[in-house]
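Everything below concerns the one structure shown next.
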Amino acid sequence: MKKIYTCIICPRSCELEADILPDGQVSVSGNGCPRGAEWIRNELSDPKRTIASSVLVEGGEKEIVSVRLSSPVPLRMIFPIMDEIRRVSAKAPVSIGDIIIRDVLSSGADVIATSSVLAKKE
Ligand code: SF4
């Protein structure tokens, strides 16, 4: 079964034709470099995504801090991780790079702050 995909790894956006062979192997053509073939094989076998979101901050000058995952996680974990992110809060001050949740849901990825929030002045 052949399917066409657009590679998202670089701006060249190659059109990849992936053919899933009867033995489960994936034959790839149209890729301008090996990274495209690797990406589509991973996408077909174990797709991964990353998340950017925000977390509530207690005692901060802002009520939320932006966060992202330190590495992509399996697609099936995205919604459970989003639920976990909604459940937690961080205590101000928060600095860029602070780990808000370490190894979230044993995914191997940390939820890290991508901005800073100072503590509220009394
Ligand atoms: S196949 Fe390679 S050259 Fe083509 S878009 Fe993907 S990464 Fe870029």
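Every number here is computed from the coordinates shown, using simple stated rules; none is lab data. The structure displayed is predicted, hence computed values, not measured ones. Every residue, glycine among them, receives a Cβ derived from its backbone with ideal geometry; neighbour counts consider all protein chains shown.
Assorted remarks:
- Only Cα pairs under 8 Å and 6+ residues apart enter the sum, and on that basis the relative contact order of the chain stands at 20 percent.
- Region 52-87: GluC sites (Glu not before Pro) in DSSP coil with no more than 15 other Cβ atoms inside 10 Å: Glu61, Glu63
- Cα-centre dipole for region 52-113 with unit charges at Cβ (Lys and Arg positive, Asp and Glu negative), debye to 20: 140 debye
- Given charges at Cβ of Lys, Arg, Asp, Glu: the chain dipole, positive-most of Cys33, Val65, Leu75: Val65
- 22 Å Cα-Cα reach of Lys3 towards lysines, excluding residues that sit fewer than 8 places from it in its own chain: Lys48
- Evaluated with a Cβ-only charge set (Lys, Arg +1; Asp, Glu -1), region 2-45 carries a dipole of roughly 120 debye about its Cα centre, given to the nearest 20.
- Note on region 2-45: the alpha carbon radius of gyration divided by the globular reference 2.2 N^0.38 Å gives 1.04.
- Cross-link partners of Lys120 among lysines (Cα-Cα below 26 Å; sequence separation of 8 or more within a chain): Lys62, Lys91
- Helix-only CD estimate at 222 nm, as mean residue ellipticity for the chain, using -39500 (n - 2.57) per DSSP H run (n ≥ 4): -5500 deg cm²/dmol
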